[in-house]
Ligand SMILES: [Zn+2]
């Protein structure tokens, strides 16, 4: 990805900046130019306003990635999930700071700020949102043990059984 | 003493999730890691994930601070990030942090560098700007993801973490009554441009460096504030390991009880620019209105910054339960093997270009 393109996407990658149709209040992420929900799209012309997602969400579905995308080699196997936000949009993102055994559909997560990738050793570093387990009120983060092969297999089985979207 | 009251409006700390023990490190290098850990008073140290660095740690800490203090990011007039592990040699950490918390574009921002005391230097700069009414809020961050060369003594303690303080004039949870510094040219620890790991003067890092600067600065701070050790409920020192702060604290006349909350390095390692600020964050997590706190930072090269702080009653209603408190970082964490640690920290040569 070019530096310029990534830079244009900074507001949404850093801050989950989407937009909202002021005619019907539907929230979009990534932001849209018009609202496809309004019966006549023209109704929403000029009525789309910036809207920042809260960063809260829950796991709608997830998968385990073993064949890493470029730049993610150090993190294999990692969890890629669809996150349902309370504002409406469904986001795709990596879940970090979690042992594979803990991931489950419906678990609450929260946006975290992480390094997404580096353009080689001399290039620009791209940052943006990922997700980490949300803490229940005042509760402590569960302390997990290192990943075992059994845990990997079980998590993979669960992920397969739930990949229904 | 400051003519205009300034102090801490809000704060937040962040420490990455992984931990490694001195035993695990020592086993790889054929040394007695347990004895090493005991000598340093380091039980475990934090290790960042491959996708964490000083920018992400700073951002997480500041986001917690802004939420706790219900601060509008657009009221921030300055962000200074102190670190010796800025991800870029040229391109500021502070601009990414500013953008990521929604504080851009009407603010000034810069990166500070002074070994481990860049964060406390940032506090002093913010104090001056806030007191002179140049800005409403100034943000001072100290964060690092420092590394020791494999097998070097530093490898047993160098860790990752950081904390952010929002400095202002109103709604203070802690007033900073006064600050003092002690600075000399002392070559105890350094890293030349382009070098991956730092070099240090071995035993020279002790007496003429850490102990002299922290001791002189702490003593002078108490002289200026007309205080004695018994006037403080808490004391926080820079803590490159768990032993140095205990020794200097004792020689200045502080008790174990006064040092209790300010000492965090034994459970997370030496977070460099983050160390004194995370210690202060832990003190604020536990403090009561009226508590007095002495903070003495230290940076190699060398200098110390001290702060005489009084916690206000506002701390009782302040939302310090939002986000993780420091104690959770001290208790929690996921253990790593040396192999995983070496992979995460880029110590494995992958070949190719
Ligand atoms: Zn609409």
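Could you name every one of the helices (runs of 4 or more DSSP H) located completely within region B:1-86 that has at least 2 residues being within 14 Å of another protein chain (Cβ to nearest Cβ)? Steps first, please.
On the way: elements: B:22-29, B:33-40, B:54-68.
Helices (runs of 4 or more DSSP H) meeting the threshold: B:54-68.
Under the condition of being at the interface with another protein chain (Cβ under 9 Å from one of its Cβ atoms) and without any contact (Cβ under 8 Å) to a residue 40 or more places away in the chain, the residues counted in region B:319-339 number 2. Counting residues in region B:264-271 that are surrounded by fewer than 24 Cβ atoms within 10 Å (Cβ to Cβ) and at pLDDT below 95 gives zero.
All conditions but one from (1) in contact with a helix residue (DSSP H, G or I) (Cβ under 8 Å, 6 or more places away or on another chain); (2) closer than 12 Å to residue B:82 by Cβ; (3) in contact (Cβ under 8 Å) with a residue 60 or more places away in the chain; (4) surrounded by fewer than 23 Cβ atoms within 10 Å (Cβ to Cβ) apply to residue B:136; the one that does not is (2). For region B:333-344, the count of residues that are part of a helix (DSSP H, G or I) and crowded, with 24+ Cβ neighbours inside 10 Å is zero. Scanning for something out of contact with any helix residue (DSSP H, G or I) (no Cβ under 9 Å at 6 or more places or on another chain), modelled with pLDDT under 95 and surrounded by fewer than 24 Cβ atoms within 10 Å (Cβ to Cβ), does region B:43-65 turn up at least one residue? The answer is no; no qualifying residue exists.
Listed by position, the strands (runs of 3 or more DSSP E) inside region B:199-315 whose residues that are in contact (Cβ under 8 Å) with a residue 12 or more places away in the chain and farther than 23 Å from residue B:40 by Cβ number at least 1 are B:292-296, B:301-311.
Test residue A:106 against the criterion of being more than 16 Å from the ligand (Cβ to nearest atom), more than 13 Å from every other protein chain (Cβ to nearest Cβ) and part of a loop (DSSP other than H, G, I, E, B), and give yes or no. Before you say what the answer is, go through the steps one by one.
Values: more than 16 Å from the ligand (Cβ to nearest atom): yes; more than 13 Å from every other protein chain (Cβ to nearest Cβ): yes; part of a loop (DSSP other than H, G, I, E, B): yes.
Yes: the conditions hold for residue A:106.
Please pick out the residue among B:89, B:110 that is surrounded by fewer than 21 Cβ atoms within 10 Å (Cβ to Cβ), in contact (Cβ under 8 Å) with a residue 12 or more places away in the chain, over 19 Å from the mean Cα position of the chain (by Cα) and under 30 Å from residue B:190 (Cβ atoms). So that I can check it myself, show each step before the final result.
Working: B:110 fails: over 19 Å from the mean Cα position of the chain (by Cα).
That would be B:89, the only listed residue that is surrounded by fewer than 21 Cβ atoms within 10 Å (Cβ to Cβ), in contact (Cβ under 8 Å) with a residue 12 or more places away in the chain, over 19 Å from the mean Cα position of the chain (by Cα) and under 30 Å from residue B:190 (Cβ atoms).
Meeting the requirement of 3 or more residues that are in contact (Cβ under 8 Å) with a residue 12 or more places away in the chain and more than 16 Å from the ligand (Cβ to nearest atom), the strands (runs of 3 or more DSSP E) wholly within region A:1-83 are A:56-65.
Go through the residues of region B:105-125 one by one and say whether even a single one is in a helix (DSSP H, G or I), within 14 Å of another protein chain (Cβ to nearest Cβ), touching a helix residue (DSSP H, G or I) at 6+ places or on another chain (Cβ under 9 Å) and more than 28 Å from residue B:21 (Cβ to Cβ). The answer is no, given that none of the residues of region B:105-125 is in a helix (DSSP H, G or I), within 14 Å of another protein chain (Cβ to nearest Cβ), touching a helix residue (DSSP H, G or I) at 6+ places or on another chain (Cβ under 9 Å) and more than 28 Å from residue B:21 (Cβ to Cβ). The listed residues are A:76, A:3, A:34, A:27, and the only one of them that is touching a strand residue (DSSP E or B) at 6+ places or on another chain (Cβ under 6 Å) and on the phi < 0 side of the Ramachandran plot turns out to be A:27.
Answer with yes or no whether residue A:132 is at pLDDT below 95 and either within 12 Å of another protein chain (Cβ to nearest Cβ) or under 19 Å from the mean Cα position of the chain (by Cα) (or both). Reasoning before the result, please.
On the way: at pLDDT below 95: no; either within 12 Å of another protein chain (Cβ to nearest Cβ) or under 19 Å from the mean Cα position of the chain (by Cα) (or both): yes.
No, not satisfied.
The values are calculated or read from the model by the stated rules, or taken from the named source; none is laboratory data. Since this is a predicted model, take the numbers as computed values, not measurements. Ideal geometry is used to build each Cβ from the backbone, glycine not excepted, and the neighbour counts take in all protein chains shown.
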